[in-house]
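Enquirer: Input: one structure, supplied below.
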Amino acid sequence: MKQLLLGLLFISLAGMAFAQSETPEQKATGETNLLAEKLQLSAAQTEKMHKIQLRRYRDRELIVPNKTTDQALYLEQLKAIEYGADISVQLMLTEAQTPQYRAFSVARREKRAEVAQSMLSKGVPIQEVEIAVLELE
């Protein structure tokens, strides 16, 4: 019986080791590809977008330790990172692309609002809801 339990433990640990999350580079590439397609970015804009997204995901990775030590600070930093990335994206877009980006942003906010409403109805504290919503991709 001990061997069976020990075997199951090792199998689950091995599974968790292989199920690693994406790197900031992979996340940035995915987000860049999504936005490049939706906004019909030029090659130069796509390169700038990748730099913005890479900075965004690297910055987010740097503040992860604050999530467990100081949630208020983590939330403040997360909001600043998202705001900065959003402004950077808006500044690089043409006038024709701006309405498409706004529509994309509205859809993202609506998705976040649904998640927030669901979490709040389950009694999750507001600070945890805000963090979860901002961490959505």
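Enquirer: What is the fewest-to-most order of Tyr101, Tyr57, Tyr83 by other Cβ atoms lying within 10 Å of their Cβ?
Expert: So the ranking, lowest neighbour count to highest, is Tyr83, Tyr101, Tyr57.
Enquirer: Still on this model: Taking the beta-carbon count within 10 Å as an exposure proxy, list Val64, Val129, Val124 from fewest neighbours to most.
Expert: Val64, Val124, Val129
Enquirer: Return Glu114, Glu31 ranked ascending by Cβ neighbour count within 10 Å, so the fewest neighbours appear first.
Expert: Glu114, Glu31
Enquirer: Which of the aspartates and glutamates could a cross-linker bridge to Lys122, judged by Cα under 18 Å and excluding same-chain residues fewer than eight apart?
Expert: Glu114, Glu130
Enquirer: On a 0 to 90 degree scale, rounded to 10, what angle separates helix 24-39 from the longest Cα axis of the chain?
Expert: Helix 24-39 sits roughly 40 degrees off the main axis of the chain.
Enquirer: Here is a follow-up. Can you give the convex hull volume per residue for the Cα atoms of the chain, as a whole number of Å³?
Expert: Cα convex hull per residue, to the nearest whole number: 145 Å³.
Enquirer: Shifting gears a bit: Residue by residue, what Karplus-based ³J(HN,Hα) values in Hz, rounded to whole numbers, does segment 83-89 have, using 6.51, -1.76 and 1.60 with θ = phi - 60° and x for Gly and Pro?
Expert: With coefficients 6.51, -1.76 and 1.60, one gets 5, x, 5, 4, 5, 4, 5 Hz.
Enquirer: In terms of Cα to Cα distance under 22 Å, which lysines are near enough to Lys51, apart from those fewer than 8 places away along the same chain?
Expert: Output for Lys51: Lys27, Lys38, Lys79.
Enquirer: Right, next: Among Gln100, Gln127, Gln45, whose mean-square fluctuation peaks in a Gaussian network model of the chain (Cα, cutoff 10 Å)?
Expert: Gln127
None of the figures in this text is laboratory data; all of them are computed from the coordinates on show. Predicted model, so just to flag it, every value in this text is computed and none were measured. Here Cβ is always computed from backbone atoms with ideal geometry, including for glycine, and neighbour counts include all displayed protein chains.
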